[in-house]
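Structure first, then comments.
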Amino acid sequence: MTSAPAADLPPAGVSRFSARWQQSFQRWLTSPVLLRLVSHLLRLKPTWRVGNTTVISTHPAVVKALLDDEKYEIAAINAARMDRVSGPFVLGMDRSAQFEYEQEAIRSVVKPTDLDWVRRIVQGTADALVKAATPKGLVDVADSYARVSGARVVAEYFGVPGPSEPVLMQWMRSLFWDVFLNRNDVPEVRLAAARSANDLRTYLTALIAQRSAEGATGDDMLCRLIRSGKLDNDGVRRNITGIVVGAIDTTVTAAANAFAVLLAKPEGLEEARMAAEGDDEAALRQCVYEALRFNPQTPALLRHARSDGTTALLLTISAMFDPVAFPEPGRFVANRPLDRYLHFGYGIHTCYGRMINGVQLPALVGAIVRLPNLRRASGRLRRILYEGPFPQRLAVEFGGSE
């Protein structure tokens, strides 16, 4: 067997004991059980000051902070990290002429039929992967299912296939890890991201030049951005990088977290199964978002409080257990108002993939909850495995007898 290319390997050094321990501790510190417990205490007061951190926990207060983007800024949190992997991108910009122009440039190339396209990609991928898993009655919801689907959306819809699917997935993971989750600046994670950023920049620069020379005749997002002429080639590269970096592993984490909750809540799993069998995407979306409320892919958001210079920790998981917005928060209720969920943020920096994941997640979950006798895998496969902060394996079994 030949050695795998460096880009195909997990970020260098993160398998060391100290780094693994640190990542395990961080997962425990941000675990949904602990954060929900803390949220009950925090609810006594909507805003707390702890050292140089302002903790905001109630639903009205979190929403207000996300809407007040002039008081709670994002550039101090994300700009430097975005700059070192791609250059300026809207998720690292506060309100400005550049922010407005580039955000409009991105949105102007979106078509009403795009969600149908994404739905076809995801459903086709999910069906093929489930069919391939059927002989063994075992499927890994995380790495070999949701991650593959996310990569194919990036390749086909966004127009960035990468040199290969494994390389693309590793680029995206190492970059997302460093930009959004490496708040302690673990050197190994930062080094892996620097290598991926350099490789991705070289790859995209050549790809954009090639597509431009050919007239950018494709209908994917990359070709549309080139054809629009609103951004120069470097602007196209910066923005497509910023978009795709979060397009795979957000989906992986959300799909795995939702599945873990549904498997632990029989009433939720049954509601999701009924919605899937009835081809009711809207009802299935409700089930997925409610499951994610118990274990969101983004339990907190960071902002810079301009008034006092503190870091604002916006606990979205606490906000989504606030009885003011979510009556009987401890119950699984699959018909809550969708606009109250904070899975994709709120305000001007709402996640670009919100609408896409509104289609992608129900399709991924639906293809599996339809399977007969669905259950968590047994034995050594029962435990969820992680690569750093990312679910790497969530194995489920189906068919046969329990």
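Observations
- Gain on full stretching of the segment that runs from Arg340 to Asp219 - 0.36 nm per residue minus C-alpha separation: 40.2 nm
- Computed over segment 93-236, Cα set: Rg, Dmax in Å: 17.4, 56
- Difference of contour (0.36 nm per residue) and Cα-Cα distance, Thr311 to Lys45: 94.0 nm
- Inter-part distance where segment 62-115 and segment 352-388 are each reduced to a Cα centre, Å: 29 Å
- Rg/Rh ratio calculated on Cα atoms of segment 69-130 (Kirkwood radius): 1.18
- With bins 5 Å wide beginning at 0, the percent of Cα pairs of segment 190-335 falling in each bin runs 2, 8, 12, 13, 12, 11, 12, 13, 11, 6, 1, 0.
- Relative to the globular-protein estimate of 2.2 N^0.38 Å, the Cα radius of gyration of the chain stands at 0.96.
- Binned Cα-Cα distance frequencies in segment 132-180 - 5 Å width, integer %: 5, 19, 24, 23, 16, 9, 4, 1
- Using the Cβ of Arg273 as centre and a radius below 15 Å, the other residues enclosed give a net charge of -4, where K and R count +1 and D and E count -1.
- Its relative contact order, with pairs defined as Cα atoms under 8 Å and 6+ residues apart, puts the chain at 26 percent.
- Net charge over other residues, Cβ less than 12 angstrom from the Cβ of Ala291 (K, R count +1; D, E count -1): +1
- Taking Arg211, Arg84 and counting other C-beta atoms within 10 Å, the order from fewest to most: Arg84, Arg211
- Note on segment 180-264: semi-axes of the ellipsoid equivalent to its C-alpha gyration tensor, largest first and rounded to whole Å, are 31, 19, 10.
- By the beta-carbon count within 10 Å of each Cβ, the least crowded to most crowded order of Thr350, Thr58, fewest first, is Thr350, Thr58.
- Net length available on complete extension from Arg107 to Thr202 is 31.7 nm, with 0.36 nm assigned per residue and the Cα-Cα distance removed.
- Model label points for Arg376 and Ala97, set 7 angstrom from Cα along the Cα-to-Cβ axis, are 5.6 nm apart.
- Cβ-based net charge around Tyr341, under 11 Å, with every Lys or Arg adding one and every Asp or Glu removing one: +3
- Viscosity 1.567 mPa s, temperature 4 °C, Stokes-Einstein D of segment 298-402 from Kirkwood C-alpha radius, µm²/s: 75 µm²/s
- Amide H to amide H distances under 5 Å link Thr298 with no residue, where only residues 5 or more positions off or on other chains count and H is placed in the peptide plane.
- Each eigenvalue of the Cα gyration tensor of segment 256-357, multiplied by 5 and square-rooted, gives one semi-axis; in descending order these are 28, 15, 11 Å.
- Legend: ranking of residues Trp177, Trp171, Trp48 from fewest to most surrounding C-beta atoms inside 10 Å; resulting order Trp48, Trp177, Trp171.
Laboratory data are not the source of any read-out in this text; all were calculated from the coordinates shown. Values in this document were obtained by computation on a predicted structure and should not be read as measured data. Cβ sites come from the backbone with ideal geometry, for glycine too, and all protein chains shown count toward neighbours.
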